[in-house]
Amino acid sequence: MARGAADSLTARLRKSAHRARTALRKSGVDYFRGDGSDWIALVGLLLTIPAIACGTIALPVWFSPAALVLPIVAGGLLLRPASLLGLYAAAAGALIVESLTLGPYMEGPARVTPGTVLVVAACGFFGLLIAQFRARVGVPWRRGGTMLFDLRERLRVQSALPRLPKGWHREMALRPAGGQSFSGDFVVAARTNGGRTLEAVLTDVSGKGMDAGSRALLLSGAFGGLLGSLPPHGFLPAANGYLLRQDWDEGFATSIHLVLDLDSGDYELLSAGHLPALQLHAGSGRWEEKSAEGPLLGVYAGAQFDPVKGTLRPGDVLMLFTDGLVEASDREIAEGMDRLTGEADRYVATGFEGAAWHLIEAVAKDVNDDRALLLLRREL
């Protein structure tokens, strides 16, 4: 009977320990995700304060009173403002205990000086500002970087070009301003009409880099939903209406819409204030500007967009690009386009394999603007 009772007690203890481990692990996971309470971090940081205080009293040469800034800085990153105030109260109490135990700072080194108090107080003030900012944004610091990474990857995936049938080569290169991860230039593309037609839209949102990245992400999702859901001539008017409804202070964008028949090579270009495309005619080896008419997106309602038509024959190349690739303060756009076509001629013999990235490197490597290039070639 006693043995059965002991086994029952052991089983209950094991179950209790298992529940405790599960609860602790769940709390830790929730906290890491930014969804749970911060009590684990608060308890851990509160325990470091008396440890630092004891070290300072016992070995003042090795443990400086200013070491209390370490849990305070960590608290600014980990805790909510209400919990942070409790941590500050504990740190202030530790400073008082250290000061009373070590004696007046005039009596020797390793004492609590007014400068130590000011440093700890300043770190606490900035930690509280950081905590309040995180609380207002609603994104814990542990999730902020992950969220930005996810946004960047979504923008990259939405800019991916669909696979084309045999006989076609496509490339796209995107370079944000200043080496940042976000760009105001983006591409959305889809095969429509049962896969016979390629529709691609290259857009340049006003602004650059991080300033334009959030708007580019929003517009790329909206434009991706519109593309293929409307007749080709209805895309830019719908995009213009969408942009107007956002009522942004800096809400305009330029865009160029390519509608390409993959069987015949016939295409239409519709432009919303965008730079002309460039077509290389393989027969003559000359580049031709293909310029369509249309106003900027997001400027006024009822805008009309008139297409320009062309045909890509075997060996022909079509390039769509944003102004960061050809425009600079020390040169005109025409000069930049001449430089681009001159560099592109180097890749005629190689079939333009890997040309998009190298063209940006050659033409606009150090330009402080977003740069994007979409290249299509009909193979021989």
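The values are calculated or read from the model by the stated rules, or taken from the named source; none is laboratory data. As the structure is a prediction and not an experimental result, all values here were calculated from the model. Ideal geometry is used to build each Cβ from the backbone, glycine not excepted, and the neighbour counts take in all protein chains shown. Only protein heavy atoms, including side chains, enter the accessible area calculation; ligands, DNA and RNA are left aside. Shrake-Rupley method; radii C 1.70, N 1.55, O 1.52, S 1.80 Å.
For His18 and Leu230, compute 0.36 nm times the residue count separating them, minus their Cα-Cα distance, and round to one decimal in nm.
Residue separation times 0.36 nm, minus the Cα-Cα distance, leaves 70.6 nm.
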(message) I'd like the FRET efficiency for Trp357 and Glu293, computed as 1/(1 + (r/R0)^6) with the beta carbon distance as r and R0 of 22 Å, rounded to 0.05.
(response) 0.10
(request) Please give, to one decimal in nm, the separation of the simple spin-label points placed at Lys166 and Ala222, each 7 Å out from Cα toward the Cβ. (result) 4.2 nm
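Give the longest segment of the chain that steers clear of trypsin sites (Lys or Arg not before Pro) in DSSP loops with at most 15 neighbouring Cβ atoms within 10 Å, not counting the sites themselves.
Working: sites that count: Arg163, Lys166, Arg196, Lys365.
The answer is 197-364.
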(request) Relative to the longest principal axis of the C-alpha atoms of the chain, give the angle of the C-alpha long axis of helix 39-58, reported between 0 and 90° and rounded to the nearest 10°. (result) 50 degrees
(request) Mind pulling the angle between the C-alpha long axis of helix 69-78 and the longest principal axis of the chain? Nearest 10 degrees, somewhere in 0 to 90. (result) 50 degrees
(request) Could you please report the charge total around Leu270, scoring K, R as +1 and D, E as -1 over all other residues with beta-carbon less than 14 angstrom from its beta-carbon? (result) -2
(request) Once you have the Cα-Cα distance between Glu153 and Ala11, take 0.36 nm times their residue separation minus that, and quote the gain in nm to one decimal. (result) 46.3 nm
(message) So for segment 201-299, averaging the separation of alpha carbon pairs under 8 Å that are six or more residues apart and normalising by length, what relative contact order in percent results?
(response) 28 percent
(request) Over the chain, with every protein chain in place, what whole percent of the accessible area is carbon and sulfur at 1.4 Å, could you tell me? (result) 60 percent
(request) Return one number: the angle in degrees, 0 to 90 and rounded to the nearest 10, between the long axis of the Cα atoms of helix 209-226 and the longest principal axis of the Cα atoms of the chain. (result) 60 degrees
(message) Counting only other residues whose beta carbon sits under 13 Å from that of Gly298, what net charge do I get with K and R as +1, D and E as -1?
(response) -2
(message) Quick check on segment 209-322: take the gyration tensor over C-alpha atoms, sort the square-rooted eigenvalues as a ≥ b ≥ c, and tell me if it's rounded (a/c under 1.5), prolate or oblate.
(response) prolate
(message) Can you tell me, using C-alpha contacts under 8 Å and at least 6 residues apart, the relative contact order of the chain as a whole percent?
(response) 13 percent
(message) For a protection proxy built on the mean count of beta-carbon atoms within 10 angstrom, sort 314-326, 247-259 highest first, please.
(response) 314-326, 247-259
(request) Pop the C-beta distance of Asp366 and Asp249 into the FRET formula with R0 = 35 Å and round what comes out to the nearest 0.05. (result) 0.75
(message) Using a 7 Å offset from the Cα along the Cα-to-Cβ direction at both Leu380 and Ala58, what is the distance between the two label points in nm, to one decimal?
(response) 8.2 nm
(message) Give me a comma-separated list of calculated 3J(HN,Hα) values for segment 332-341, in order, Karplus coefficients 6.51, -1.76, 1.60 applied at θ = phi - 60°, integers in Hz, x for any Gly or Pro.
(response) 7, 4, 4, 5, x, 5, 5, 5, 4, 5
(request) Give a quick list of GluC sites (Glu not before Pro) in segment 303-380 that DSSP marks as loop, anything other than H, G, I, E or B, with at most 16 other Cβ atoms within 10 Å. (result) Glu332, Glu353, Glu379
(request) Given the options Ala362, Ala11, Ala53, state which has the largest fluctuation in a GNM of the chain using a 10 Å cut-off (strictly under) for Cα springs. (result) Ala11
(request) With Kirkwood radius over Cα pairs in Å defined as stated, name the option among (1) 22.3; (2) 25.6; (3) 23.5 computed from the structure displayed. (result) (2)
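Once you have the Cα-Cα distance between Val117 and Arg196, take 0.36 nm times their residue separation minus that, and quote the gain in nm to one decimal. List each step's numbers first, then the result.
Numbers: separation 79, 0.36 × 79 = 28.44 nm, distance 7.26 nm.
Difference between extended and current length: 21.2 nm.
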(message) As an exercise, find the ratio Rg/Rh for segment 295-341 from alpha-carbon atoms, using the Kirkwood inverse-distance average for Rh.
(response) 1.08
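Using just the helices of the chain, give the 222 nm mean residue ellipticity in deg cm²/dmol: DSSP H runs with n ≥ 4 each add -39,500 (n - 2.57), and the total is spread over all residues, rounded to 500.
Mean residue ellipticity at 222 nm (helix-derived): -16000 deg cm²/dmol.
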